[in-house]
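Everything on this sheet refers to the single structure shown next.
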Amino acid sequence: MRLLGREREVLVLGFSEFGRRAQENASYGTDHGKGGLMFALGPVRGGVLGPEPDLEDLDEGDLRFQLDFRSVYGAALRFLGLEPASILGPGPAPLPLV
């Protein structure tokens, strides 16, 4: 994209469809859990934009959701020049990614 001069026009979102448990299982691994992660690559603000996970406040051993995924999708829709509510309906405000 850089060779085409369009690198500032690309946004990549990545997310996990499942999270991981906070505690190790019997084989010293972690099982599928509820809270996952999302990341954005492109002309975006750096750093953590949502709250840090709270390892003291678990949901049956899983991380609790801290951020509604629609706030990330809403930011991506704004990046594309679209109005998030027209696609996602009413919901959380888009994150300030850009």
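The values are calculated or read from the model by the stated rules, or taken from the named source; none is laboratory data. Fair warning: this is a prediction, and the values are worked out from it, not measured in the lab. We place every Cβ from the backbone using ideal geometry, glycine too, and count neighbours over all the protein chains shown.
Couple of notes before you dig in:
So that you can scan it fast, the table gives a plain yes or no per residue for (1) within 12 Å of the chain's Cα centre (by Cα); (2) at pLDDT 85 or above; (3) of a type in the set (A, V, I, L, M); (4) loosely packed, with under 10 Cβ neighbours inside 10 Å:
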residue	(1), (2), (3), (4)
24	no, no, no, no
27	no, no, no, yes
33	no, no, no, no
37	yes, no, yes, no
41	yes, yes, yes, no
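- Contact map, region 1-12: first residue under 13 Å from residue 98 (Cβ atoms), second residue aromatic (Phe, Trp, Tyr), Cβ cut-off under 6 Å, separation 6 or more or different chains; pairs are 11/79.
- Qualifying residues in region 43-56 (those that are closer than 17 Å to residue 77 by Cβ and either outside any loop (DSSP other than H, G, I, E, B) or of a type in the set (A, V, I, L, M) (or both)) - the one nearest to the chain's Cα centre (by Cα): 49
- Condition check for residue 95: under 30 Å from residue 1 (Cα atoms), among the aliphatic types (A, V, I, L, M) and either at pLDDT below 90 or assigned to a loop (DSSP other than H, G, I, E, B) (or both): yes
- Number of positions in region 1-41 that are among the β-branched types (Val, Ile, Thr) and assigned to a strand (DSSP E or B): 1
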